[in-house]
1. Any residue at all in region 75-94 that's buried (at least 24 other Cβ atoms within 10 Å of the Cβ) and closer than 30 Å to ARG264 by Cβ?
2. Name the residue that is surrounded by the most Cβ atoms within 10 Å (Cβ to Cβ), counting only residues in region 243-268 that are aliphatic (A, V, I, L, M), part of a helix (DSSP H, G or I) and in contact (Cβ under 8 Å) with a residue 12 or more places away in the chain.
3. Kindly check whether there is at least one residue in region 24-43 that is modelled with pLDDT under 85 and either in contact with a helix residue (DSSP H, G or I) (Cβ under 8 Å, 6 or more places away or on another chain) or over 30 Å from ASP232 (Cα atoms) (or both).
4. Which members of region 179-213 meet the condition of being of a type in the set (A, V, I, L, M, F, W, C) and without any contact (Cβ under 8 Å) to a residue 60 or more places away in the chain?
5. Taking the options ALA153, ALA174, ALA160, name whichever one is touching a Gly at 6+ places or on another chain (Cβ under 7 Å) and touching a residue at least 12 places away in the same chain (Cβ under 8 Å).
6. Would you be able to say whether some residue in region 233-242 is among the basic types (Lys, Arg) and surrounded by fewer than 16 Cβ atoms within 10 Å (Cβ to Cβ)?
7. Any chance region 123-132 includes a residue that's within 21 Å of LEU187 (Cα to Cα), crowded, with 24+ Cβ neighbours inside 10 Å and charged (D, E, K, R)?
Amino acid sequence: MGEFQGRTIPELRIAQSADGVVTMTLDRPEKKNAVTLAMWRQIAATVDALNKDETARVIVLCGAGTDFCAGADIGEFAELRRDAGTARAYEDANSAAFAALRACRLPVIASISGVCFGGGFGLAAACDIRLGATGAVFAVPAARLGLAYPADAMADIVAACGPQMARYLSFSGARLPAEAAHEAGFLLELLTDKAALDDRTNEIARAIAGNAPLSVGASKASIRAALSGRDDDLARARTLGDATFDSADYAEGRAAFLERRPPRFIGR
């Protein structure tokens with residue numbers, strides 16, 4: 001087993017396997033894994049640290065127990081999100097968490113069971129791949145709380161499930177069953193139960209971890225550039241793509257193909 005070397009907090013557990021699969025678990029099951037301000041900050045810090053860790057290949061984001069995440073911890077709002085000024089500071093922290101997942105060089109898989117509400121929905125939307133279990137429930141309940149989502153989080157939601165579904169969820173506050181989330185494209189796959197979800201998540205994560213990291217990172221950057229259309233994203237994708245052709249992994253991939261053996265990629 002690998003070992004994450006960065007700092008963390010008890011409410012965010014990190015486990016790293018020998019093949020580079022990093023599992024990041026929101027660990028407040030008694031609160032349906034509602035995210036505190038400290039957790040928002042730690043998510044961003046942890047992903048940033050993993051982004052620099054050459055042994056990490058893929059991140060799995062999940063919740064402890066039966067639920068993914070009930071969203072931000074409303075119990076903190078009276079103090080930390082009580083008006084526009086405090087809300088802006090609070091949203092800087094959760095926006096940083098979303099941005100860290102979105103911009104991380106590593107693919108991020110959200111493994112979702114139970115509730116996936118509010119900020120939890122935002123975290124899942126910022127991930128690259130989302131898998132769900134039957135019985136999972138999704139909601140964007142901002143209108144029922146009288147607050148607004150950060151624009152960057154809403155952009156992730158639009159990209160993940162389409163503008164019409166984003167409007168419906170955010171305007172109505174309705175709860176969406178897993179089957180509808182799958183039909184909308186928010187979920188890549190819908191599994192029969194939590195055990196099947198865990199197995200399939202591990203299968204996909206290990207498949208990604210076994211591929212060339214530079215190639216996977218370049219693909220993630222290219223997809224982001226295709227979605228954003230930004231010149232800086234396009235330039236970054238081009239640079240990362242060019243780098244794959246000068247890498248030892250490209251030579252290894254060609255050699256392994258010709259020798260009919262599994263490749264051994266090192267990420268360089």
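1. Step one: filter region 75-94 for residues buried (at least 24 other Cβ atoms within 10 Å of the Cβ), giving 94.
From what's left, closer than 30 Å to ARG264 by Cβ: none.
Within region 75-94, not a single residue is buried (at least 24 other Cβ atoms within 10 Å of the Cβ) and closer than 30 Å to ARG264 by Cβ.
2. Step one: filter region 243-268 for residues aliphatic (A, V, I, L, M), giving 243, 248, 251, 255-256, 258, 266.
Next cut, part of a helix (DSSP H, G or I) only: 243, 248, 251, 255-256, 258.
Next cut, in contact (Cβ under 8 Å) with a residue 12 or more places away in the chain only: 243, 248.
Numbers: ALA243: 15, ALA248: 13.
Only one residue tops the list, namely ALA243.
3. The first filter runs over region 24-43 and keeps only residues modelled with pLDDT under 85, leaving none.
No.
4. Keep residues of region 179-213 that are of a type in the set (A, V, I, L, M, F, W, C), which gives 180-181, 184, 186-188, 190-191, 195-197, 204-205, 207-209, 212.
ALA180, ALA181, ALA184, LEU188, LEU190, ALA195, ALA207, ALA212 - these are the residues of region 179-213 that are of a type in the set (A, V, I, L, M, F, W, C) and without any contact (Cβ under 8 Å) to a residue 60 or more places away in the chain.
5. ALA153
6. Going residue by residue through region 233-242, those that are among the basic types (Lys, Arg) are 236, 238.
Okay, now just the ones that are also surrounded by fewer than 16 Cβ atoms within 10 Å (Cβ to Cβ), so 238.
Yes.
7. Looking through region 123-132, at least one residue is within 21 Å of LEU187 (Cα to Cα), crowded, with 24+ Cβ neighbours inside 10 Å and charged (D, E, K, R).
Here's the yes/no breakdown for (1) touching a helix residue (DSSP H, G or I) at 6+ places or on another chain (Cβ under 7 Å); (2) under 19 Å from ASP19 (Cα atoms):
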| position | (1), (2) |
| --- | --- |
| LEU214 | yes, yes |
| ALA218 | yes, no |
| ALA221 | yes, no |
| ALA225 | yes, no |
| ARG230 | no, no |
| ASP233 | yes, no |
| GLY241 | yes, no |
| PHE245 | no, no |
| TYR250 | yes, no |
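The values are calculated or read from the model by the stated rules, or taken from the named source; none is laboratory data. Given the structure is predicted, the values throughout are model-derived calculations rather than measurements. Please note: Cβ atoms are built from the backbone with ideal geometry, for glycine as well, and neighbour counts cover all protein chains shown.
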